[in-house]
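Accompanying notes for the structure given below.
The values are calculated or read from the model by the stated rules, or taken from the named source; none is laboratory data. Small disclaimer: the values here were computed from a predicted structure and weren't measured. Neighbour counts run over all protein chains shown; Cβ positions are idealised from the backbone, glycine included. The protein model used for the area step is the full one, side chains on, heavy atoms only, and it has no ligands, DNA or RNA in it. Shrake-Rupley method; radii C 1.70, N 1.55, O 1.52, S 1.80 Å.
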Amino acid sequence: MTPDALTLDNIRKTFSSGGRVVHALSGVSLSVGKGETLGVIGESGSGKSTLGRIAVGLEVQSSGKLFIDGERVDDMSAVMRRRRLRQCQMIFQDPYSSLNPRLTVGHQIGEGLYAAGVSDWREIRSTVADLLERVGLPRDFADRYPHEFSGGQRQRIAIARALAPGPEIVVADEPVSALDVSIQAQILDLLAEIRRENRLSYLFISHDMAVVARLCDRVAVMHRGRVVESGPIAAVIENPQHPYTRNLLDAVPRFGRRRTGRKPVPVDLPLHGDGDRFVSVGEGHTVLQASEDAAAG
Amino acid sequence: MTSSGNPYLTVRDLTVSFQGKGGEFHAVDRIGFELDRGEILALVGESGSGKSMTSLAVMRLLPQAARMSGRITIAGDDVASLPRRQMEDVRGARIGMVFQEPMTSLNPVLTIARQMTEGLIRHQGLSRKAALAAARSALDDVGFGEPDRVLSQYPHQLSGGMRQRVMIAAALALRPGILIADEPTTALDVTVQAQVLDLLVDLKSRLGSGILLITHDIGVVAETADRVAVMRHGRIVETGATDAVLRNPTHDYTKALLASHLTVEKALGLRPAEKGAPSRS
């Protein structure tokens with residue numbers, strides 16, 4: 001069996017703020033198979049973005065192990081780790097702030113190639129043009145600056161920049177949230193195409209269940225620093241088991257339903273502890289069960 | 001307050017334009033609509049459609065560089081002809097406003113009590129005590145169980161959803177005829193969005209508020225609005241009862257907007273068509 005492209009094993013992350021300790025991640029484990037897209041869905045404060053930042057090395061976990069291609073990277077030397085983590089590239093939500101306004105588009109994409117060891121500037125130039133073409137932009141856009149582009153075009157540039165070092169894994173944190181719906185569809189299609197051609201693995205972080213359903217093979221639902229449910233996308237959506245997953249799905253606006261204005265009966269969400277275990281509810285579909293339930297069942 | 005028979009808010013032939021490098025640019029181009037109390041009208045469109053400029057025009061809060069023509073009447077009064085001082089009374093007392101980002105519309109260094117009573121004291125000439133009572137009852141209206149606790153807090157002590165409810169309460173405390181809500185749930189989590197939308201519908205039916213809901217999300221429109229106006233490039237391209245427009249759109253743009261709206265079900269349906277989706281090894 002080939003190793004998974006990316007594995008996070010019992011990742012914990014705590015921040016201290018004003019003397020208080022905040023648990024951003026309380027033991028998250030998940031794997032992304034080769035060529036697979038794993039969606040991570042959750043609301044603000046769920047820890048999903050911290051998880052993504054740890055996966056690309058922008059943040060270091062407090063404890064837990066990180067594997068790329070089956071090889072543990074968190075105990076490597078800094079130089080080795082940096083080289084290994086180049087296989088993990090990131091796309092951010094806001095293409096306005098993730099691109100440097102004072103550097104040409106070509107410069108920013110080319111930096112990734114240079115970092116990956118390409119030092120011939122002519123080669124860099126032609127590869128940059130190829131990458132621009134690949135993401136649906138004219139080859140000569142390399143000499144322009146980010147402000148000359150629309151939101152959708154900028155996100156294409158950000159994708160080209162992520163692809164430059166030849167990654168095997170792309171972590172995308174809300175890559176389409178800032179875009180109009182018609183542009184969202186184009187960017188999602190582009191991501192799907194590139195995944196197919198380059199056999200990439202994606203860790204796709206989003207708050208939007210529809211967007212996750214469009215692109216992802218599997219989904220992990222996060223709530224308060226834990227994965228509470230995960231499984232094949234259709235199974236989780238059609239047969240949600242955790243009360244939080246049900247809440248989340250029910251809140252998504254839909255046609256054919258009218259808001260009544262009446263307050264819904266509040267749902268008690270279980271407070272999970274470290275002793276809670278995952279229970280299998282279908283093929284590859286697991287749900288975190290509160291320990292009282294486990295004892296009762 | 002409203003003259004009988006006439007809608008509370010009428011907008012006729014509204015145009016908002018800016019002088020640009022390449023000549024005059026129309027952000028809003030000869031649009032018209034009406035809104036009465038007890039109904040929710042949604043202005044829906046993508047960025048640049050002119051929906052927010054429309055709401056700013058109604059409140060006479062357009063940027064200096066903007067030129068406006070057309071006629072906007074609120075409870076019988078022509079907004080354009082009102083002196084500035086009187087317009088300040090219209091904003092607040094007749095039209096309440098709720099914006100997308102509650103953190104930027106609340107003053108971070110003032111307690112909620114201070115911010116909510118300020119308008120009441122100024123617009124309605126209430127005493128501090130009466131203003132506090134009105135603020136308390138408005139917070140109760142938007143579902144805060146312990147209004148006094150909220151009143152003593154600062155904005156940063158509240159969650160995003162709570163802040164947005166405080167904003168709505170602050171607007172409601174002045175008992176405006178209509179509420180303009182510009183992307184009120186866009187910055188909120190989806191479960192919190194559901195609560196705020198329920199609140200808007202509740203205010204409409206319980207207090208008879210008229211609500212102008214500005215949104216880019218056609219799913220939100222489907223669940224909450226009685227009528228909808230679809231905007232594109234500054235124009236209203238289609239308008240009617242929400243059900244009718246969403247079920248039988250006639251304009252190509254409305255059709256396109258509906259087609260590009262991604263629902264969870266549609267997204268799942270699209271997946272099998274995708275070739276080469278790998279199976280887990």
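Dipole orientation for the protein assembly as shown: of the candidates B:A170, A:G45, A:P266, B:A170 has the Cα lying most toward the positive pole (charges on Cβ; Lys, Arg +1; Asp, Glu -1). Just name one of B:T185, A:V228, A:G27: the one whose Cα is farthest towards the positive end of the charge dipole of the protein assembly as shown (beta-carbon charges, Lys/Arg +1, Asp/Glu -1). Sorting the options by dipole projection puts first B:T185.
Before I look further, what does the protein assembly as shown give for accessible area per residue, probe 1.4 Å, in whole square angstrom? It would help to have the intermediate numbers written out before the result.
Values: 26160 Å² over 578 residues.
Ligands and nucleic acids excluded, the figure is 45 Å² per residue.
Going from the chain on its own to the full set of protein chains, segment A:236-259 has these residues losing 50 Å² or more of accessible surface (heavy atoms, 1.4 Å probe, no ligands, DNA or RNA): A:A251, A:P253, A:F255, A:R258, A:R259.
Taking A:D173, A:D189, A:D94 in turn, the Gaussian network model of chain A (Cα-Cα springs below 10 Å) assigns the largest fluctuation to A:D189.
Roughly how much accessible area, to the nearest 100 Å², goes out of reach of solvent when A and B pair up, both sides summed, probe 1.4 Å? Walk me through the intermediate numbers first.
On the way: alone 15540 and 14270 Å², together 26160 Å².
Chains A and B together bury roughly 3600 Å² of accessible area.
In plain terms, the C-alpha convex hull of chain A casts an average shadow of 18.8 nm² when viewed from every direction.
Between the residues B:G269, B:I214, B:Y154, the greatest Cα displacement towards the positive end of the dipole of chain B, with unit charges on the Cβ of Lys, Arg, Asp and Glu, is found for B:Y154.
Peptide A:174-182 has a mean of 3 when you count, residue by residue, the C-beta atoms of other protein chains within 10 Å of its C-beta. Just checking the listed ones, B:G48, B:G20, B:G177: in the Gaussian network model of chain B with Cα springs under 10 Å, the one fluctuating most is B:G20.
Accessible surface comparison of B:E238, B:E146, A:E123, probe 1.4 Å, protein chains only, largest first: the order is B:E146, A:E123, B:E238. Counting only other chain Cβ atoms within 10 Å of each residue's Cβ, the peptide A:217-223 averages 1.
For segment A:160-250, take N as its residue count and report Rg(C-alpha) divided by 2.2 N^0.38 Å. Cα-based Rg divided by the globular estimate yields 1.15. Dipole magnitude for the protein assembly as shown: about 980 debye, using +1 per Lys or Arg Cβ and -1 per Asp or Glu Cβ, origin at the Cα centre. For segment A:139-261, give the percent of accessible area contributed by carbon and sulfur heavy atoms, probe 1.4 Å, rounded to a whole number. Carbon and sulfur together cover 44 percent of it. Placing +1 on the Cβ of every Lys and Arg and -1 on the Cβ of every Asp and Glu, with nothing else charged, gives segment B:1-92 a dipole about its Cα centre of roughly 300 debye. Just to be sure I understand the curve: with the Debye formula and one point per C-alpha of segment A:30-131, what is log10 I(q)/I(0) at q = 0.15, 0.24 Å⁻¹? Relative scattering, expressed as log10 I(q)/I(0), comes to -0.83, -1.33. Charging the Cβ of each Asp and Glu at -1 and of each Lys and Arg at +1, and nothing else, the dipole of segment A:91-190 about its Cα centre rounds to 220 debye. Within the listed set B:F25, B:F33, B:F99, the Gaussian network model of chain B (springs between alpha-carbon atoms below 10 Å) gives the highest mean-square fluctuation for B:F25. Across chain A, the longest run free of exposed loop sites, meaning trypsin sites (Lys or Arg not before Pro) lying outside DSSP classes H, G, I, E and B with no more than 15 other Cβ atoms within 10 Å, spans A:1-101.
Note down the relative contact order for chain B as a percent, whole number, built from C-alpha pairs under 8 angstrom at least six residues apart.
Working: 492 pairs, mean separation 70.4, N = 281.
So the answer I get is 25 percent.
Just counting partner chain Cβ atoms within 10 Å, what average do the residues of peptide B:219-226 show around their Cβ?
What the average comes to for B:219-226 is 4.
For the residue pairs A:K34/B:K266; A:K48/B:K51; B:K204/B:K266; A:K263/B:K255; A:K48/B:K255, alpha carbon separations beyond 29 Å are given by A:K48/B:K51; B:K204/B:K266; A:K263/B:K255; A:K48/B:K255. Taking A:E168, B:E46, A:E238 and ordering them by how much accessible surface each has at a 1.4 Å probe, largest first, produces A:E238, A:E168, B:E46. Percent of C-alpha pairs per 20 Å bin in the protein assembly as shown, short distances first: 18, 48, 30, 3. With a ≥ b ≥ c taken as the square roots of the eigenvalues of the C-alpha gyration tensor of segment B:159-211, please select rounded if a/c is under 1.5 and otherwise prolate if a/b is larger than b/c or oblate if it is not? Prolate shape, in that a/c is at least 1.5 and a/b is the bigger ratio. With Cα atoms defining each centre, segment A:32-87 and segment B:162-200 are spaced 38 Å apart in the structure.
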